[in-house]
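Colleague: Here it is: the structure, laid out below.
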Amino acid sequence: MSDILWTSDFSVRGRTVRVKKTGAEITLDKALASEAANWLGLYLAIRAKTALNGLLRPGPKVWFAPDRPRPWYLIWAAAAWNGVRIAKSPEEAQASFFFEDATHGRPPAPAHSRAFNYACVDISKSRVAEVFEACFGYPLTLDPEKGFGLAVEKGEANGAHDGRLVWRPMRPRPGRTYQRVVDNVEDGLAVDLRTPFVGGKPVVVFVKRRPVEDRFANHNTHVSMLEPREVFSDDEIERLGVFCRVMGLDWGGLDILRDRPTGRLYVVDVNKTDMGPPIALPFLDKLSAVARMGRALRALITEHKP
């Protein structure tokens, strides 16, 4: 895998770590230290499996541009666990990925006929909601100046976790988008269905639970892993696959909520450079998820018909 010193991706000021690429800021505290220690165990297990893979038949090489995935990205873990190697140049690879942790992207020209995520250039909240409505036939967004009641206000950027509840009617703020409040609360916990898709098909579902007052945060109280068909109907899986195709998403995670009163699904976020597996997921489930994602990645690379 990549030997680049990935610690250069961060800058530290006081008790705050800033991710240079996205501008996201993380507070240095005990919770972060605990999560880092948890992640390190998985990282070391994957490194051990990578060493074992080196003794076996080498796997396919993939070129990532403009960025190379770091160890905290799910595609890095999946590739390393299953022998998929990150190429040092496009000439030695048999497939290429557009990989950039940015809401809007301008991909370089594909280096191969097997090229993935090059059409996924806009994962803003507005674009996600637009494609969702076209695929599912009902809206997520709403006009904050009309009607009465609560709405969700979010920025357009991916991974910002800056959502908040606001009361309508209200004047919209520049650069913000407004969505209906999805009732995904069970026993005081907000339930998110993070679902990685590969080639338009769901691989696993991470059922993430957190206190409802922290519904927009990124720290989970509990995470379990289920089969997609334990969570979604065949029709929903088909519609989600269409959604991925329209978004141009060959690899990535969808944040999906199910509204309890109506049973409807809502896709609220698309992550083409998704991290994971979730920290709170049990260790053996992490390994299982990484192995399954890696098999799906390898099949995508080797079986895809241009």
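The values are calculated or read from the model by the stated rules, or taken from the named source; none is laboratory data. For clarity, every value in this text was computed on a predicted model and none was experimentally measured. Don't worry about glycine lacking a Cβ; one is built from the backbone with ideal geometry, like all the others, and counts go over all protein chains shown.
Colleague: Name the single residue that is farthest from Ile75 (Cα to Cα) among those in the range 226-247 being surrounded by 20 or more Cβ atoms within 10 Å (Cβ to Cβ) and touching a helix residue (DSSP H, G or I) at 6+ places or on another chain (Cβ under 6 Å).
Modeller: Narrowing the range 226-247 to residues surrounded by 20 or more Cβ atoms within 10 Å (Cβ to Cβ): 232, 240, 243-244, 247.
Add one more test, that the residue is touching a helix residue (DSSP H, G or I) at 6+ places or on another chain (Cβ under 6 Å), and what stays is 243, 247.
On the way: Phe243: 20, Met247: 19 Å.
The residue in question is Phe243.
Colleague: Would it be correct to say that Pro172 is free of Cβ contacts under 8 Å to residues at least 40 places away in the same chain, touching a Phe, Trp or Tyr at 6+ places or on another chain (Cβ under 8 Å) and under 29 Å from Arg258 (Cβ atoms)? Step through it out loud before you land on a result.
Modeller: On the way: free of Cβ contacts under 8 Å to residues at least 40 places away in the same chain: yes; touching a Phe, Trp or Tyr at 6+ places or on another chain (Cβ under 8 Å): yes; under 29 Å from Arg258 (Cβ atoms): yes.
In short, yes.
Colleague: With respect to the numbered conditions (1) of a type in the set (Ser, Thr, Tyr); (2) outside any loop (DSSP other than H, G, I, E, B); (3) within 30 Å of Pro58 (Cβ to Cβ), which one is the sole condition not fulfilled by Tyr118?
Modeller: (2)
Colleague: Collect the residues in the range 228-260 that are of a type in the set (Val, Ile, Thr) and within 21 Å of Ser96 (Cα to Cα), keeping them in residue-number order. Outline the logic, then answer.
Modeller: If we filter the range 228-260 for residues that are of a type in the set (Val, Ile, Thr), which is where we start, we get 231, 237, 242, 246, 256.
Matches in the range 228-260: Val246 only.
Colleague: Restricting to the range 93-133, name every residue that is over 30 Å from Asp143 (Cβ atoms), out of contact with any helix residue (DSSP H, G or I) (no Cβ under 8 Å at 6 or more places or on another chain) and of a type outside the set (A, V, I, L, M).
Modeller: As a first pass, look at the range 93-133 and keep what is over 30 Å from Asp143 (Cβ atoms): 93-101, 106-118.
Checking the rest, the ones that are also out of contact with any helix residue (DSSP H, G or I) (no Cβ under 8 Å at 6 or more places or on another chain) come to 93, 98, 100-101, 106-110, 113, 115, 117-118.
Those that are over 30 Å from Asp143 (Cβ atoms), out of contact with any helix residue (DSSP H, G or I) (no Cβ under 8 Å at 6 or more places or on another chain) and of a type outside the set (A, V, I, L, M): Phe98, Glu100, Asp101, Arg106, Pro107, Pro108, Pro110, Ser113, Asn117, Tyr118.
Colleague: Follow-up. Right, Ser96: crowded, with 18+ Cβ neighbours inside 10 Å and not hydrophobic (A, V, I, L, M, F, W, C) or not? It would help to see each step written out before you state the result.
Modeller: Details: crowded, with 18+ Cβ neighbours inside 10 Å: yes; not hydrophobic (A, V, I, L, M, F, W, C): yes.
For Ser96, the condition - crowded, with 18+ Cβ neighbours inside 10 Å and not hydrophobic (A, V, I, L, M, F, W, C) - is met.
Colleague: Here's a follow-up. Suppose the filter is over 20 Å from Gly248 (Cβ atoms), touching a strand residue (DSSP E or B) at 6+ places or on another chain (Cβ under 8 Å), in the same structural domain as Ala291 (by TED's automatic domain parsing) and touching a residue at least 12 places away in the same chain (Cβ under 8 Å); does Trp72 pass it?
Modeller: Values: over 20 Å from Gly248 (Cβ atoms): yes; touching a strand residue (DSSP E or B) at 6+ places or on another chain (Cβ under 8 Å): yes; in the same structural domain as Ala291 (by TED's automatic domain parsing): yes; touching a residue at least 12 places away in the same chain (Cβ under 8 Å): yes.
So Trp72 passes the test.
Colleague: Another question about this same structure. Determine the pairs where a residue that is touching a residue at least 60 places away in the same chain (Cβ under 8 Å), located within the range 277-306, has a partner that is acidic (Asp, Glu) with Cβ atoms under 9 Å apart, the partner being 6 or more residues away or on another chain.
Modeller: Listed pairs, sorted by first residue: Pro277/Asp285; Ile279/Glu35; Ala280/Glu35; Leu300/Asp250; His304/Asp250.
Colleague: Looking at Ala129, Ala157, which is the one that is part of a loop (DSSP other than H, G, I, E, B) and within 20 Å of the chain's Cα centre (by Cα)?
Modeller: Numbers: Ala129 fails: part of a loop (DSSP other than H, G, I, E, B).
Of Ala129, Ala157, the one residue that is part of a loop (DSSP other than H, G, I, E, B) and within 20 Å of the chain's Cα centre (by Cα) is Ala157.
Colleague: Another question, then. Collect the residues in the range 18-42 that are modelled with pLDDT of 85 or more and surrounded by 15 or more Cβ atoms within 10 Å (Cβ to Cβ), keeping them in residue-number order. Don't jump to the end; show me each part of the working.
Modeller: Restricting attention to the range 18-42, the residues satisfying the condition of being modelled with pLDDT of 85 or more are 40-42.
Leu42, the sole residue that qualifies.
Colleague: Looking at the range 265-300, which of its residues are in a loop (DSSP other than H, G, I, E, B), among the small types (Gly, Ala, Ser) and surrounded by 20 or more Cβ atoms within 10 Å (Cβ to Cβ)? I'd like the intermediate steps shown before the answer.
Modeller: First pass over the range 265-300, keeping only residues in a loop (DSSP other than H, G, I, E, B): 272-274, 276-282.
Adding the requirement that they be among the small types (Gly, Ala, Ser) leaves 276, 280.
Matches in the range 265-300: Gly276 only.
Colleague: Same structure again: Would it be correct to say that Arg210 is of a type in the set (Lys, Arg) and in contact with an Asp or Glu (Cβ under 7 Å, 6 or more places away or on another chain)? Break it down into steps so the answer makes sense when it comes.
Modeller: Details: of a type in the set (Lys, Arg): yes; in contact with an Asp or Glu (Cβ under 7 Å, 6 or more places away or on another chain): no.
When the stated conditions are applied, Arg210 does not pass them.
Colleague: Within the range 70-77, is even one residue modelled with pLDDT of 95 or more, buried (at least 16 other Cβ atoms within 10 Å of the Cβ) and of a type in the set (Val, Ile, Thr)?
Modeller: yes
Colleague: So, one more: Among the residues of the range 43-69 satisfying the criterion of being without any contact (Cβ under 8 Å) to a residue 40 or more places away in the chain and closer than 28 Å to Ala102 by Cα, which is surrounded by the most Cβ atoms within 10 Å (Cβ to Cβ)? Please lay out each step first, then the result.
Modeller: Taking the range 43-69 first, the residues without any contact (Cβ under 8 Å) to a residue 40 or more places away in the chain are 43-44, 47-49, 51-58, 61, 64.
Cutting the leftovers down to closer than 28 Å to Ala102 by Cα gives us 43-44, 47, 61, 64.
Working: Tyr43: 16, Leu44: 10, Arg47: 13, Lys61: 19, Phe64: 25.
By that ranking, first place goes to Phe64.
Colleague: Of the residues Ala129, Ala157, Ala134, which single one is small (Gly, Ala, Ser), under 19 Å from Gly253 (Cβ atoms), modelled with pLDDT of 95 or more and assigned by TED's automatic domain parsing to the domain that holds Leu265? It would help to see each step written out before you state the result.
Modeller: Values: Ala157 fails: modelled with pLDDT of 95 or more; Ala134 fails: under 19 Å from Gly253 (Cβ atoms).
The conditions single out Ala129.
Colleague: So which of Ala102, Ala80 ends up being closer than 22 Å to Ala291 by Cβ, in the same structural domain as Ala291 (by TED's automatic domain parsing) and outside any strand (DSSP E or B)?
Modeller: Values: Ala102 fails: closer than 22 Å to Ala291 by Cβ.
Answer to the check: Ala80.
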